[in-house]
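Trainee: Have a look at this one before I ask anything.
The values are calculated or read from the model by the stated rules, or taken from the named source; none is laboratory data. Since the structure is predicted, the reported quantities are computational estimates derived from the model, not experimental observations. Because the Cβ atoms are built from the backbone with ideal geometry, glycine has one as well, and the counts that use them run over all protein chains shown.
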Amino acid sequence: MKRAVVLQRLEPFKFQRDIELAIETLNESDSEDLTNDEIGSVWEWVSKALDHEFSDDENHPTWKLDLDLSQTYKRTNEGNFV
């Protein structure tokens with residue numbers, strides 16, 4: 001997943017606190033491709049934004065981003081219950 005693409009998708013909502021934190025996470029590295037950990041962190045912030053701000057709007061564009069992030073994130077501990 002490309003950092004610039006995710007930043008572009010978050011830009012319209014940058015004044016919402018959880019989205020701001022997602023953008024901060026993305027700005028911590030210069031690499032164009034996101035690591036799995038970065039995808040997971042951004043996904044967490046986007047999901048929180050949906051819960052806190054956008055849950056009443058089922059057509060809000062962050063729902064699609066949330067889905068894209070969830071499908072891209074590789075769960076390394078699947079099936080390993082600790």
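Trainee: Which of (1) without any contact (Cβ under 8 Å) to a residue 24 or more places away in the chain; (2) surrounded by fewer than 13 Cβ atoms within 10 Å (Cβ to Cβ); (3) closer than 19 Å to Gln71 by Cα is the odd one out, the single condition Lys2 does not satisfy?
Mentor: Exception for Lys2: condition (1).
Trainee: Now for a different question. When you scan the stretch 6-22, do you find a residue that is in contact with a Lys or Arg (Cβ under 7 Å, 6 or more places away or on another chain) and surrounded by fewer than 12 Cβ atoms within 10 Å (Cβ to Cβ), even just one? Write out each step before concluding.
Mentor: Pass one, the stretch 6-22, residues in contact with a Lys or Arg (Cβ under 7 Å, 6 or more places away or on another chain): 18, 20.
After this cut, where a residue has to be surrounded by fewer than 12 Cβ atoms within 10 Å (Cβ to Cβ) as well, the list is none.
Looking through the stretch 6-22, none of the residues is in contact with a Lys or Arg (Cβ under 7 Å, 6 or more places away or on another chain) and surrounded by fewer than 12 Cβ atoms within 10 Å (Cβ to Cβ).
Trainee: Yes or no: the stretch 55-62 includes at least one residue that is at pLDDT below 95 and touching an Asp or Glu at 6+ places or on another chain (Cβ under 9 Å).
Mentor: Restricting attention to the stretch 55-62, the residues satisfying the condition of being at pLDDT below 95 are 55-62.
Checking the rest, the ones that are also touching an Asp or Glu at 6+ places or on another chain (Cβ under 9 Å) come to 60, 62.
Yes - at least one qualifying residue is present in the stretch 55-62.
Trainee: Answer with yes or no whether Val42 is under 13 Å from Leu69 (Cβ atoms), assigned to a helix (DSSP H, G or I) and more than 11 Å from the chain's Cα centre (by Cα). It would help to see each step written out before you state the result.
Mentor: Details: under 13 Å from Leu69 (Cβ atoms): yes; assigned to a helix (DSSP H, G or I): yes; more than 11 Å from the chain's Cα centre (by Cα): no.
No; evaluated as a whole, the condition is false for this residue.
Trainee: Condition first: free of Cβ contacts under 8 Å to residues at least 40 places away in the same chain and part of a helix (DSSP H, G or I). Now tell me which residues in the stretch 20-39 satisfy that.
Mentor: Step one: of the stretch 20-39, the residues free of Cβ contacts under 8 Å to residues at least 40 places away in the same chain are 20-35, 37-39.
Passing the criteria: Glu20, Leu21, Ala22, Ile23, Glu24, Thr25, Leu26, Asn27, Asp37, Glu38, Ile39.
Trainee: Using the structure shown, decide if Arg9 is more than 12 Å from the chain's Cα centre (by Cα) and either modelled with pLDDT of 90 or more or assigned to a loop (DSSP other than H, G, I, E, B) (or both). Break it down stepwise before answering.
Mentor: On the way: more than 12 Å from the chain's Cα centre (by Cα): no; either modelled with pLDDT of 90 or more or assigned to a loop (DSSP other than H, G, I, E, B) (or both): yes.
Criteria not met by Arg9.
Trainee: Confirm whether Asp66 is charged (D, E, K, R), in a helix (DSSP H, G or I) and either surrounded by fewer than 18 Cβ atoms within 10 Å (Cβ to Cβ) or without any contact (Cβ under 8 Å) to a residue 40 or more places away in the chain (or both). Even if it seems obvious, please write down each step before you answer.
Mentor: Details: charged (D, E, K, R): yes; in a helix (DSSP H, G or I): yes; either surrounded by fewer than 18 Cβ atoms within 10 Å (Cβ to Cβ) or without any contact (Cβ under 8 Å) to a residue 40 or more places away in the chain (or both): yes.
So Asp66 fits the description; yes.
Trainee: Does the stretch 35-56 contain any residue that is at negative phi, of a type in the set (Val, Ile, Thr) and surrounded by fewer than 17 Cβ atoms within 10 Å (Cβ to Cβ)? Reasoning before the result, please.
Mentor: The first filter runs over the stretch 35-56 and keeps only residues at negative phi, leaving 35-56.
Filter once more, so that each one left must be of a type in the set (Val, Ile, Thr): 35, 39, 42, 46.
From what is left, the residues that are surrounded by fewer than 17 Cβ atoms within 10 Å (Cβ to Cβ) are 35.
Yes - at least one qualifying residue is present in the stretch 35-56.
Trainee: With respect to Lys74, determine if the residue is assigned to a helix (DSSP H, G or I) and among the basic types (Lys, Arg).
Mentor: Spelling it out, it is not the case that Lys74 is assigned to a helix (DSSP H, G or I) and among the basic types (Lys, Arg).
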